[in-house]
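Notes follow once the structure below has been shown.
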Amino acid sequence: MPDLIGLIPQAVLRIADSGGFTLAISSPELPIEQLTSSARWQVTGQDPEAGAGRFRGDTVAVTFRHERGPDAGDREPSGPPPPRRRRAVLLDPDDEADGPDRPALRSVDH
């Protein structure tokens, strides 16, 4: 039996398929489609343990846990918005509005 601890559901499914064993999810009671929709689910337990002798068609029960990373959870900004960027605009010295006494470049809000 391979060591499945720490693997994500997609990897466990590939190993089960290539190893010829049946996968049973002991916890949580969620459809496999929901578990495979996020790479944050990881195997935290398996029965039988890694290294146990098994035959093709045998069943391995796995327990998954949702690993919350530092960027998990609330997606709303937690601070003030970043400053507005400005871009330089080349002024036309022949245009009266831009006039010769104005700098050749001015910034405008982007």
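Pop a pseudo-label 7 angstrom from the Cα along the beta-carbon direction at both residue 26 and residue 13 and give the gap in nm to one decimal.
Those two pseudo-labels are separated by 2.2 nm.
Spin-label point model (7 Å from Cα, Cβ direction): what's the residue 40 to residue 55 distance in nm?
Between residue 40 and residue 55, the label points sit 4.2 nm apart.
Hey, fewest Cβ within 10 Å first, where do 58, 94 land in order?
Details: 58 14, 94 8.
So the residues, fewest neighbours to most, are 94, 58.
Every number in this text was worked out from the coordinates using simple rules, so none of it is lab data. Bear in mind that the values here come from a model prediction, so they are computed numbers and not experimental data. Note that we place each Cβ from the backbone using ideal geometry, even for glycine, and neighbour counts take in every protein chain shown.
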